[in-house]
Each structure stands twice: as C-alpha cells, then as structure tokens.
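The values are calculated or read from the model by the stated rules, or taken from the named source; none is laboratory data. In this text, all values refer to a predicted model and were calculated from it rather than measured experimentally. Ideal geometry is used to build each Cβ from the backbone, glycine not excepted, and the neighbour counts take in all protein chains shown. Keep in mind that these areas ignore ligands, DNA and RNA; they rest on the heavy atoms of the full protein, side chains included. Shrake-Rupley method; radii C 1.70, N 1.55, O 1.52, S 1.80 Å.
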Amino acid sequence: MKITILTDNPNSWIIPYVKDLKKELNKTHKLHHVYTTSDIVGGDIMLILSCENILKKEFLQLHKSNIVVHPSKLPQGKGWSPLAWQVLEGLNKIPVSLFEAVEDVDAGEVYIVDYIELKGHELNDEIKHKQGLLTIKMIKQYINKFNTIKGIPQSGEESFYPRRKQKENELNINKTIAEQFNLLRVVDNERYPAHFYIGDQKYVIKIYKSN
C-alpha cells in the first residue's frame, strides 16, 4: 500500500516513534513522510500524527483513509491535550481512539479503542512513552486489517478540552505537593515547566525521578 505520514511539527514528541514506525512500514509498503500539507501526495492511507493544524477536505480526499489517534473515548474529550487533562482528573486508565479524520474536528468513525494503563507515579516522559508505543501498535493493527476493518459512528454527548497554556502549569503555593502532584506529572520540564509566583517573582520547578 501507499502510506503517507503527516507530522506538521518536526519537533513533536511523537517523532522518535514515527521513526520506528517508518522502519517497519518501509519493509512492506511504499512510504511517504511529509511535514506540510503542500507535500501530500495521493495514496491509500494517511496517518495524521500529533498534528497541530486541521486538514481541509481537499487534502483528505487524496487518500482512501485518513487516520488520527486521539487519547480519549470519542466523542468525549475532543480538542487539545486530552491525555494531560485526564491525568489531571486523576484517571489511570485512559482510552485511546483510532478514528477516521473528517472536516469536523475529531468527529469521524472510530475503528479501534485501546487503553493507556498508568499506576499514578509516571511523569510526563513516561506517560508520553506509553502513548507513543500504543499509538504505533494501534496504527499497525489498523493497517493489517485495512481491507476488512469497519468504523463505528460516534454516538453520545460530546465534550471538548481547551488548549493548555503556560498558566495551566502554575502551582498554588497554598496547596500541598500531594494535592498538585498530577499537575507536576504532566508538565514538560523544558517547554512548559511548573512554576509559581511569590509577589511579582516567578520561580520555575523541574521534576525528575530519583535514580
């Protein structure tokens, strides 16, 4: 099959997992990896991985199927950073949906649902690692069943998560570490670290596991 991988952020956390996926897919499929919509060529499947922009119909029409992997049980949890939001909600079993991309955001038929299993101690890198491994597993499952797999239309009440901004990573100096531990788990130490203010002074906190 002719498979396109689109990752519109070359610095995305998912790039190392995409590299591993490419090594496997290149053995049996014709693969094309692009970073912008202008480089998309036609084919059988397009894998839209960790993309920040919504694709227009003209690009979706270039492939028989356009796949997104989204960590929520659709139609619940559409939108931005659903994995982080659910960790903040205290969830340790987080659903992941592989679905067909359509013009409406996160609205296409769902092909596969699986789960990220957490124990409650994992930090951001570990959580992303579990997400990356499961994403690749689900994609390979979909490709292997491409000719027979059927999608299920989304049903039920939908919900949306907003885009997480830097202010969402601010610690409350009047709360305990235990009360805010899930926030510390989902911050990125380099790109969007946890922080707090005393007076007008901002302080940054980075969190690591002890060896």
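Listed values, structure above:
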| item | result |
| --- | --- |
| Long-range neighbours under 7 Å by Cβ, at least six apart or interchain, first residue of a type in the set (Asp, Glu) within the range 36-57, second open to solvent by 100 Å² or more (accessible area, probe 1.4 Å) | 44/64 |
| Hits in the range 174-206 (condition: out of contact with any Pro (no Cβ under 7 Å at 6 or more places or on another chain), loosely packed, with under 15 Cβ neighbours inside 10 Å and within 24 Å of residue 92 (Cβ to Cβ)) | 175, 176, 177, 178, 179, 181 |
| Flag if residue 61 is open to solvent by 60 Å² or more (accessible area, probe 1.4 Å) and in contact with a Gly (Cβ under 8 Å, 6 or more places away or on another chain) | no |
| Within the range 9-49, considering residues that are of a type outside the set (A, V, I, L, M, F, W, C), in contact with a Leu (Cβ under 9 Å, 6 or more places away or on another chain) and part of a loop (DSSP other than H, G, I, E, B), the one nearest to residue 100 (Cα to Cα) | 42 |
| Single condition residue 167 does not satisfy, out of (1) part of a helix (DSSP H, G or I); (2) open to solvent by less than 40 Å² (accessible area, probe 1.4 Å); (3) modelled with pLDDT under 95 | (2) |
